[in-house]
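J.: Before anything else, here's the structure in question.
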Amino acid sequence: MGTMKRSRVTRRMFLGGVAATAVSAGAATGLAAAGTPRATRTGSAAATMDLTVVNDTGRYGNADVWLYVVGNDGSRQVRLTPDGTIAPVSLSDNGSDGYTDYAIPLAAGGGATTLTLPNMSGRIYTALGSKLKFKAVRDGNGNAALAYPAGWVSSDPNYGVLHDCAEFTFNPDGMFCNTTMVDMFSVPLSIRLSGAADRTTGTLRSGGRSQVFDALRGAGPFGQLVVDDRRVIAPGHGLDAGLFPADFFDGYIDRVWSTYASRDLRVTTNAGTFTGRVSGGRLSFTGPANVSFARPSTRDVLFCHGALAAPNDGVTGPVAAILGAAFNRTTLAEHPDQPTGDPAGFYLDDPVHAYARAVHAATEDGKAYGFAFDDVGGHASYIQDGAPRSLTLTLTPF
């Protein structure tokens, strides 16, 4: 695990900054194509595949669960219809209440629901107990777009709705998908991708949802992030809402900056090994290229953005991602050779990112997307397949 592969656009990139910015009602989210390099695609995956949704919550019947598949087709924002076709988002879709109704009901009688999924990139939302309110708006270019739910914003029209999502890109190169807790954790979800291989990730241990909620209620400032039994807000969004300390990582960041003012930090990526020192307030690296970083804030660490933003350039981006992961996992001060690979060594230093630690501890395979750089070292709940046949999203027991 000495390198971070950059053969695909990772979760943090295809969201176009959603993970790093609180999206409030009325703000359009433009999902960019994900899961593949930003080069010419040469894959030959089928143009459609099966998407099956299984309701194993044990708490909600199929009649009380709704599905939304929304995103883009590479040129416009779209949504999946129940008959398996893509329809463009349109302002005229807003009803008398001001919101669209793109809900796809689950199969009557409690069985699995299977849809035909064409090439597109976006999110698969599930809403339990009541429908979500997606508003069609105009984006900055005047095109029709959707304001996505922001369950971490108390004024959002969907704040009271129990919901969650998985993320995906399906294109000629294959299917690239993940479950995510980067913004919040609410509904336990797992994904199974069948094609050239058969892989599953995201499945919680028995009682895993309660385990996460209970662990964070007793974890100091993280307790303010627990919203009843509805969701846990990620600490970055909690910081923006005034629920989480803005200086949480500041002491650790100072320690990292002090440590590497007098010793080398080595970061190895596919491009090679970068050697860095702190000087003049910046962490500067030499090696395959010269890259440097300003001292990040706690918010930069939690969102893996700002001073730790990772461009998809194959040089600065991989270094930034590895630094961001090491900050969140609190492995950076004690380990001058990055990335570190053994998850048993994560979240041991002070302060502990209790949210990321809890969601990882709750999954059967130990993988979760607790922050946007969690894919470093392969610890994210992410799977891909170049010849996909079916994707199954399961709402697992609460």
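The values are calculated or read from the model by the stated rules, or taken from the named source; none is laboratory data. What you are looking at is a predicted structure, and each value in this text was computed from that prediction instead of being measured. Counting neighbours? That spans all protein chains shown, and the Cβs are built from the backbone with ideal geometry, glycine included. To get the accessible areas, we keep the full protein, side chains included, count just its heavy atoms, and leave off ligands, DNA and RNA. Shrake-Rupley method; radii C 1.70, N 1.55, O 1.52, S 1.80 Å.
J.: Using θ = phi - 60° and the Karplus relation 6.51 cos²θ - 1.76 cosθ + 1.60, list the HN-Hα couplings for the stretch 289-303 in order, rounded to whole Hz, with x at every Gly or Pro.
T.: 7, 8, 9, 8, 9, 6, 4, x, 8, 4, 5, 4, 5, 5, 8
J.: If you take all C-alpha pairs in the stretch 43-133, what percent of them are over 22 Å apart? Let's see the in-between values first.
T.: Values: 1254 of 4095 pairs.
I get 31 percent for the Cα pairs in the stretch 43-133 exceeding 22 Å.
J.: Give me the accessible area per residue for the stretch 275-398, probe 1.4 Å, as a whole number in Å². List each step's numbers first, then the result.
T.: Details: 4100 Å² over 124 residues.
Result: 33 Å² of accessible area for each residue.
J.: Could you please state, rounded to a whole Å, how far the C-alpha centre of the stretch 253-306 is from the C-alpha centre of the stretch 345-386?
T.: The distance from the Cα centre of the stretch 253-306 to that of the stretch 345-386 comes to 22 Å.
J.: If you stretched the chain out fully between N141 and A289, how much longer would it get, using 0.36 nm times the residue separation minus the C-alpha to C-alpha distance? Present the calculation step by step, with values, prior to reporting the outcome.
T.: On the way: separation 148, 0.36 × 148 = 53.28 nm, distance 3.55 nm.
This chain segment gains 49.7 nm when fully extended.
J.: Starting from the Cα coordinates of the stretch 205-247, work out the convex hull volume and express it per residue in Å³. Please list the in-between numbers first.
T.: On the way: hull volume 3.0 nm³, N = 43.
In the stretch 205-247, the Cα convex hull volume per residue is 69 Å³.
J.: Now a separate question. Could you state the angle between the C-alpha long axis of helix 316-328 and the longest principal axis of the C-alpha atoms of the chain, as a value from 0 to 90 degrees rounded to the nearest 10?
T.: Roughly 90 degrees between the two axes.
J.: How big is the stretch 332-398 by Rg and Dmax over its Cα atoms, in Å?
T.: Expressed in Å, the Cα Rg and Dmax of the stretch 332-398 come to 14.5, 44.
J.: Okay, next question. On the protein heavy atoms, probe 1.4 angstrom, tell me the percent of accessible surface of the chain carried by carbon and sulfur.
T.: Details: 6950 of 14670 Å².
The value for the chain is 47 percent carbon and sulfur by accessible area.
J.: Please give me the summed charge of the neighbours of A196: other residues whose Cβ is under 15 Å from its Cβ, Lys and Arg +1, Asp and Glu -1.
T.: Working: positive: R192, R199, R389; negative: D173, D198, D385.
Here the count lands on 0.
J.: Further question on the same structure: Could you tell me the extents of the stretch 266-398's C-alpha atoms along the three principal axes, largest first, rounded to whole Å?
T.: 52, 38, 25
J.: Leaving out ligands and nucleic acids, and using a 1.4 Å probe, what accessible area per residue does the stretch 68-188 come to in Å²? Write out the running numbers ahead of the final one.
T.: On the way: 3970 Å² over 121 residues.
Heavy-atom SASA per residue in the stretch 68-188 reads 33 Å².
J.: Based only on the alpha carbon positions, what is the Kirkwood hydrodynamic radius of the stretch 144-260, in angstrom? Could you put the intermediate results ahead of the total?
T.: Values: mean 1/r = 0.0600 Å⁻¹.
With all distinct Cα pairs of the stretch 144-260 included, I get 16.7 Å.
J.: Report, as a whole number in µm² per second, the diffusion coefficient that Stokes-Einstein gives for the stretch 192-280 at 20 °C and 1.002 mPa s using the Kirkwood radius over alpha carbon pairs. Spell out each step's value before the answer.
T.: Values: Rh = 17.2 Å.
Here the translational diffusion coefficient equals 125 µm²/s.
J.: Considering the alpha-carbon set of the stretch 83-185 alone, what are its Rg and its Dmax in angstrom?
T.: 14.7, 44
J.: Starting from 0 in steps of 10 Å, tell me what percent of the Cα-Cα pairs of the chain lands in each bin.
T.: Pairs per bin, as whole percents: 5, 24, 33, 25, 11, 2, 0.
J.: Rounded to a whole number of µm²/s, how large is the Stokes-Einstein D of the stretch 106-162 at 10 °C and 1.306 mPa s, given Rh as the Kirkwood radius over C-alpha pairs? All intermediate terms of the calculation are to be shown ahead of the outcome.
T.: Values: Rh = 14.0 Å.
Translational D for this selection: 114 µm²/s.
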